[in-house]
There are 2 protein chains.
Amino acid sequence: MKKTARAHTNIALIKYWGKKNAELRLPLMSSLSMTLDAFYSETSLETGQQNEFYLNNQKQSDQSAQRVFQYLHKLQDSFGLPYDALKVSSINHVPTAAGLASSSSAFAALAASFCAYYDLDVDRKMLSRLARIGSGSASRSIYGGFAIWQKGHDDKSSYAYPLDEKPAMDLHLLAVELDQKPKKLSSTKGMQAAQNSPFFQPWLARNDAELNDMIAAIKNNDFTKLGSLAELNANEMHAINLTAQPEFTYFEPNTIKAIKLVEELRQQGIECYYTIDAGPNVKILTPLKNIKEIKKLFLSEFSNVKIINASFGPGVSILD
Amino acid sequence: MKKTARAHTNIALIKYWGKKNAELRLPLMSSLSMTLDAFYSETSLETGQQNEFYLNNQKQSDQSAQRVFQYLHKLQDSFGLPYDALKVSSINHVPTAAGLASSSSAFAALAASFCAYYDLDVDRKMLSRLARIGSGSASRSIYGGFAIWQKGHDDKSSYAYPLDEKPAMDLHLLAVELDQKPKKLSSTKGMQAAQNSPFFQPWLARNDAELNDMIAAIKNNDFTKLGSLAELNANEMHAINLTAQPEFTYFEPNTIKAIKLVEELRQQGIECYYTIDAGPNVKILTPLKNIKEIKKLFLSEFSNVKIINASFGPGVSILD
């Protein structure tokens, strides 16, 4: 018995940055994302002699293996299944160079392969809830195009749903890797530390309005609105971190340089916007026609930069 | 007839970053500052054949001269004085290397020399109001030690007063010049642009509490509290800028590097805090004993850095 699922990573345009319940990964805010074609995880589940986790063909015996099996035990528990020994093999097609977290695609693929392996009758809403328990952002990777993770108030009501799985918008994302060093502060710790910023509550209070504005931008196929809202929302998240007590920042010197290059491009009439997650790298939102100019500038300004181009990716799928 | 006044620059620990009335320079928030011994302006007023402004012995005929005489005409108007021709000579002992604005000391010295020249009977509260009309932060440079500029609600009620002119606190400021380029966005334009940040109103709402906390830290001689409050307040100002629409930042890559060095020093038990104004340079607050270690690290990490050490300076004085 072996089942394989593929799920794509997503990038949040309205960020998830705060947990209401760490165990269930219930968020303090709703978020909205774009699923990306260029980056995905393929995960197989098969009957094993013992629990084994292979990542990119390397057997893992560290925290990541522990996290995978703790997660699978939770799923087994919730369906009244025994703790069968399982061999999990995952290939992450998310190059380090992307500067993107692979946990969204990894846990979405793992949840889907689990359901396929046990032949469970779950709809995508349920699958999103199961993925969420593994990694919050994974709840959104169930769907292609644009997805919304509604915060909900408990395990049952906190899941993602598709907003537009085949968007018409001319929207590309350039994943710009400025820095390959692993981040010093994990997302989990960062979002915990951020909550004592004096701007955290004001930000939360804006969540509904920001989400609605973003939905309207998508429905109106308005790239300018989408880009500027995404940039503002990302800056809000980083403003929260900078004003936490004690303050912290995921920005590195090159992050500031990249931000100023995006501003410069806009001043030149080359429309693009940045979004930044829990790390120093920037992702640039742009229509197709500007990709060449943007790449040219970044390649000339940074000696070691890697840039990967992505657009809309599909939702989760079962491969065999 | 010639009168000369000296005034020292000040650094805001609770920032002034928003005008309610641009003409009268009425602020949206109260601010609190430390007057610095290392940096000052000396300004002479004497009877002239025509209006002339000399800055550091160079005759000025640009905007700065215009600003000086527009200001002096306002003062002449308010005292019912004729527009006498005046020769203004100012020496700024504020090296570019300090990364500090000289307008606080310049307009405090100019206001004081004006009152001395006309032998006007003004108290320091009135002098602070007059200085404010030239440059908001100048209102605080009338006093030594710690001063508070209460925002007030009109020309009469918006002035600074001394909080503690001879502070006992072991407090030094290292002015760290990372970048000598003139800032691209003036303070006046920056504070205008900042006001549409979604966090601007929440920040304003905190002004009284932040001011009171800072006053308590000073009264309790609590450097840790003073430093962390000053750092938070500065970060709030820069968080406001980052979340303005459109966003902007005074940070340069080296600003982020400097911030992380301060964090690193603290982790090593070398207590110090940063504050940052409308430019890329950082100012580090520290007790005397840590100056050597801080300087050593910054000099080793930056190739072109200049560091000037300051502590409490006196209020405005008439020299002849």
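The values are calculated or read from the model by the stated rules, or taken from the named source; none is laboratory data. It should be emphasised that the depicted structure is a prediction, and the values quoted were computed from it without experimental measurement. So basically every Cβ, Gly included, is an ideal-geometry build from the backbone, and we count neighbours across all protein chains shown. When the accessible area is computed, the model is the full protein with side chains, heavy atoms only, and any ligands, DNA or RNA have been set aside. Shrake-Rupley method; radii C 1.70, N 1.55, O 1.52, S 1.80 Å.
Among B:284-294, B:13-23, sorting by the average number of other beta carbon atoms lying within 10 angstrom of each residue, highest first, gives B:13-23, B:284-294.
Using a 7 Å projection from Cα along Cα-to-Cβ, the label point at A:Q58 is separated from the same position in the remaining copies by 5.9 nm, smallest value first. Ranked by the mean number of other Cβ atoms within 10 Å per residue, highest first, peptides B:296-303, B:170-177 order as B:170-177, B:296-303. Taking θ as phi - 60° and the Karplus parameters 6.51, -1.76 and 1.60, the scalar couplings of the range B:190-197 work out to x, 6, 6, 5, 5, 5, 9, 5 Hz in sequence order, x denoting glycine and proline.
When chain B is treated as a Gaussian network with alpha carbon springs shorter than 10 Å, the biggest mean-square fluctuation among B:N221, B:N233, B:N304 belongs to B:N304.
The charge dipole of the protein assembly as shown, taken about its Cα centre with unit charges on the Cβ atoms of Lys, Arg (+1), Asp and Glu (-1) only, comes to about 280 debye. Of the residues making up the range B:248-276, those losing 20 Å² or more of accessible area when the isolated chain is joined by the remaining protein chains, with a 1.4 Å probe, are B:T249, B:F251, B:E252, B:P253, B:I256, B:K260, B:E263. Rounded to whole Å, give me the distance from the Cα center of the range A:263-278 to that of the range A:169-191. Cα centroid of the range A:263-278 versus Cα centroid of the range A:169-191: 16 Å apart. Applied to the range A:285-302, the Karplus parametrisation 6.51 cos²θ - 1.76 cosθ + 1.60 on θ = phi - 60° returns per-residue 3J(HN,Hα) values of 8, 7, x, 3, 5, 9, 4, 4, 5, 5, 4, 4, 5, 5, 5, 7, 8, 10 Hz, with x for Gly and Pro.
Accessible area per residue for the range B:2-168, computed on protein heavy atoms with a 1.4 Å probe, is 39 Å².
Expressed per residue, the C-alpha convex hull volume of the range A:70-195 stands at 153 Å³. For the protein assembly as shown, rounded, prolate or oblate, judged on the Cα gyration tensor with a ≥ b ≥ c (square roots of eigenvalues), a/c < 1.5 rounded, else prolate if a/b > b/c? Prolate, since a/c reaches 1.5 and a/b exceeds b/c. Note on chain A: semi-axes of the ellipsoid equivalent to its C-alpha gyration tensor, largest first and rounded to whole Å, are 32, 21, 19.
Compare the peptides B:104-112, A:160-168, B:28-36 by average per-residue count of other Cβ atoms within 10 angstrom and give them in order, highest first.
B:104-112, B:28-36, A:160-168
Total buried accessible area between A and B, probe 1.4 Å, nearest 100: 2300 Å². Leaving out ligands, DNA and RNA, and with a 1.4 Å probe, what % of the accessible surface on the protein assembly as shown is carbon or sulfur? Reported share for carbon and sulfur atoms: 48 percent. Using the Kirkwood radius built from alpha carbon pairs, what does the Stokes-Einstein equation give as D for the range A:172-310 at 25 °C and 0.890 mPa s, in µm² per second? The Stokes-Einstein estimate is 155 µm²/s.
Ranking B:S228, B:G315, B:L285 by how far each Cα lies toward the positive end of the dipole of the range B:205-320 (charges on Cβ) leaves B:L285 at the top. Each principal axis of the Cα cloud of the range B:18-133 was taken in turn, and the coordinate range along them, longest first, works out to 39, 32, 25 Å.
In nanometres and ascending order, the distances from the A:Q268 label point to those of the other copies are 4.0 (point 7 Å from Cα along Cα→Cβ). Here the relative contact order of chain B, from alpha carbon pairs under 8 Å that lie six or more residues apart, stands at 26 percent. With its label point defined 7 Å out from Cα along the Cα-to-Cβ axis, B:T47 lies at 11.1 nm from the matching points of the other copies, in increasing order.
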